[in-house]
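Reviewing the structure listed below.
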Amino acid sequence: GGAPAGSLKLGNFLVTPSNATIEPGQTTQVTVTFTAENARTYAELIGIDISDRDMADHPGGIPYEVAGESCIPGINTEDFASIFEEHKLVNALDPISAEKNVFAMRDRVFTFGAIIAHTVVEEEDAAAGDDAKKPPSEPPGVKSNFKLSNPNKVPCTVNLSLKPRQPAQMAEDEVFPIEIHPSTIIIPPHEHRFVTCYFNPRTIQMYAATLEAVVENGSDPKTKQFTCEVRGEGTLPHVTIEQPSAITEEGSPHLQFPRLLLGKTHTLPILLKNIGIIPATGLVEMEHSDVFTLSAGYSTTFTLESKRAQHLQVTFTPSKTGEYSHNITLMVKHNQYETQKIQISGECYMEDVTFSGLPDDLDDELHFQDGPVGALKEVGFTIKNHTSKHFRFSWPEVEHFTFSPKEGHLHANSTKDVLVKFQPDQPVSHTPLEIAMSLAQITYTGEVADWDDRMTTVKYVPA
């Protein structure tokens, strides 16, 4: 439309007033209004005419140039390296690895990764009374900063918002755990400002929202709005007991030691594994025991990365016969549901006569290495009498095996060495073969003398 009465319109400039009378010694103010359109520079030439002046000097009026530049407010929306300068940039998210604080350029997705869900409100918050109702200085949880830059010559106002993608398992009254602060920023020309995104999950699930940074009065499609998706997952640390694999009737892991001969020790492993997607810190505790010892002490703390394992050992060292039981407790930090108990049990026994010196320190098993037919294999061990009684022992006839001595006397609280020979004349396999040694208590009527069938009596006969 035309200029208002008393004004002069020149292109995008409006001069008000367009004429005036100025008394001697007085001044008047002329206002030039610039209407900015698009992103360009405007300039117009105004001719100022003064009554009774010398018209030979600038007959068209004294020239006066007015100029202005029109700028469209906007922000950087394409330089991801600048916007996410505090974070890692990737082309696409890896569906296998658990990445944190990563922006995927192809999908325009920023992910916090997996974060521990605060499923339980701390007791201190409940007991804080009115103080608990006061807003904190900043929202709880993890946070990430995003950098918004103004590359133009005019300040811009940016409004930020998050549009949640409501999870199916999210309660209607649940507060969405992703927030952006502040909600509005003013960025001076050629400067930048940071906004902070917070993530504080309360449940174990995936969350996602669309982040929008919209410039007020921005009309350039390339600079008026930045949009990306923000994701995060609420989870809990998990540590599972891989060994022992046996369980009790109540469903607890059971570390069962084999029957152990008095005077011997035995060690069994415990294998703990982090099966979650975040690092897990665990605490293993065992009360003092006279017969069970834990390799890491009675209390140990460990931290496991995802899919990593912790190896522990329990040693059973009984000092007298009987049945024994004990417990080990496993607790996982930030997961009150992950407390588990490992039941330990073992039995110590004593026989009248025992074997010692068997290969691999076994109690009652004799192993021969494989070999060719006809090759002689020998294994020695010792039988020991732990009582005040005397015994007569004997070994049965067994094909391919020879015991030396095959029979003899075993005195009270004494030992006797035995040599076993294995020399088959044809291919054989024994897996396993049970051979029982017979014992019979004997009483000496006269002098106690040692005897076995290796001993011979030499009798000289005169010629």
* To do: Say whether the condition of being in a strand (DSSP E or B), more than 22 Å from PRO237 (Cβ to Cβ) and modelled with pLDDT of 90 or more is met by at least one residue in region 272-289.
  => no
* **Candidates GLN369, GLN336, GLN343, filtered to the one that is touching a Lys or Arg at 6+ places or on another chain (Cβ under 7 Å) and at negative phi** => GLN369
* Structure fact -> Matching residues in region 98-112 (closer than 26 Å to PRO237 by Cβ and either open to solvent by 10 Å² or more (accessible area, probe 1.4 Å) or without any contact (Cβ under 8 Å) to a residue 40 or more places away in the chain (or both)) number 7
* **In region 79-97, the residues that are open to solvent by 80 Å² or more (accessible area, probe 1.4 Å) and touching a Ser or Thr at 6+ places or on another chain (Cβ under 9 Å)** => GLU86
* To do: Those residues that are open to solvent by less than 40 Å² (accessible area, probe 1.4 Å) and within 35 Å of the chain's Cα centre (by Cα), I need them from region 183-197; list them, please.
  => VAL195, THR196, CYS197
* Structure fact -> (1) surrounded by fewer than 19 Cβ atoms within 10 Å (Cβ to Cβ); (2) in contact with a strand residue (DSSP E or B) (Cβ under 8 Å, 6 or more places away or on another chain) all hold for ASP290 apart from (2)
* **region 265-274, residues that are open to solvent by 40 Å² or more (accessible area, probe 1.4 Å) and touching a residue at least 60 places away in the same chain (Cβ under 8 Å)** => HIS266
* Structure fact -> The number of residues in region 51-68 that are open to solvent by less than 90 Å² (accessible area, probe 1.4 Å) and either closer than 18 Å to VAL15 by Cα or of a type in the set (Phe, Trp, Tyr) (or both) is 7
* Which of the residues belonging to region 82-114 are polar (S, T, N, Q) and farther than 17 Å from GLY141 by Cα? -> SER82, ASN91, SER97
* Structure fact -> Over region 39-61, the set of residues of a type outside the set (Asp, Glu), over 60 Å from the mean Cα position of the chain (by Cα) and outside any strand (DSSP E or B) is ILE50, SER51, ARG53, MET55, ALA56, HIS58, PRO59, GLY60, GLY61
* Any residue in region 353-370 that is within 20 Å of TRP451 (Cβ to Cβ), in contact with a Ser or Thr (Cβ under 6 Å, 6 or more places away or on another chain) and not hydrophobic (A, V, I, L, M, F, W, C)? -> no
* Does region 411-424 contain at least one residue that is touching a Pro at 6+ places or on another chain (Cβ under 7 Å) and more than 30 Å from HIS266 (Cα to Cα)? -> no
* Unmet requirement for PRO269, which otherwise passes all of (1) at pLDDT below 90; (2) of a type outside the set (Ser, Thr, Tyr); (3) touching a Leu at 6+ places or on another chain (Cβ under 9 Å) -> (1)
* To do: Could you give me the residue pairs with C-beta distances under 6 Å whose first residue belongs to region 284-302 and is of a type in the set (S, T, N, Q), whose second residue is surrounded by 18 or more Cβ atoms within 10 Å (Cβ to Cβ) wherever it lies, and which are 6+ apart or on separate chains?
  => SER289/HIS326; SER295/LEU312; THR300/VAL284
* **Any chance LYS163 is of a type in the set (Lys, Arg), modelled with pLDDT under 95 and touching a Phe, Trp or Tyr at 6+ places or on another chain (Cβ under 6 Å)** => no
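Yes/no per residue for (1) within 26 Å of LEU261 (Cα to Cα); (2) modelled with pLDDT under 85; (3) under 56 Å from the mean Cα position of the chain (by Cα):
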position	(1), (2), (3)
LEU362	yes, yes, yes
GLU365	yes, yes, yes
GLY371	no, yes, yes
ILE383	yes, no, yes
LYS389	yes, no, no
PHE393	yes, no, no
PRO427	no, no, yes
LEU433	yes, yes, yes
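Confirm whether LEU160 is among the aliphatic types (A, V, I, L, M), in contact with a helix residue (DSSP H, G or I) (Cβ under 9 Å, 6 or more places away or on another chain), part of a strand (DSSP E or B) and farther than 16 Å from ALA114 by Cα.
Considered against the rule, which asks whether it is among the aliphatic types (A, V, I, L, M), in contact with a helix residue (DSSP H, G or I) (Cβ under 9 Å, 6 or more places away or on another chain), part of a strand (DSSP E or B) and farther than 16 Å from ALA114 by Cα, LEU160 comes out as no.
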* Look at region 209-225 and say how many of its residues are out of contact with any Cys (no Cβ under 8 Å at 6 or more places or on another chain), closer than 12 Å to CYS156 by Cβ and assigned to a strand (DSSP E or B). => 3
* Asked: Identify, please: which residue in region 309-344 is part of a loop (DSSP other than H, G, I, E, B) and touching a strand residue (DSSP E or B) at 6+ places or on another chain (Cβ under 6 Å) and is, among those, least open to solvent (accessible area, probe 1.4 Å)?
  -> PRO318
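Conditions (1) touching a Lys or Arg at 6+ places or on another chain (Cβ under 9 Å); (2) of a type in the set (Asp, Glu); (3) farther than 26 Å from THR456 by Cα, marked per residue:
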| site | (1), (2), (3) |
| --- | --- |
| HIS386 | no, no, yes |
| LYS389 | no, no, no |
| PHE393 | yes, no, no |
| THR415 | yes, no, no |
| GLU434 | no, yes, yes |
* For region 255-308, how many residues are at positive phi and among the small types (Gly, Ala, Ser)? -> 2
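The values are calculated or read from the model by the stated rules, or taken from the named source; none is laboratory data. It should be emphasised that the depicted structure is a prediction, and the values quoted were computed from it without experimental measurement. Positions of Cβ are generated from backbone atoms using ideal geometry, with glycine treated the same way; all protein chains shown enter the neighbour counts. These accessible areas exclude ligands, DNA and RNA; they are computed on the full protein's heavy atoms, side chains included. Shrake-Rupley method; radii C 1.70, N 1.55, O 1.52, S 1.80 Å.
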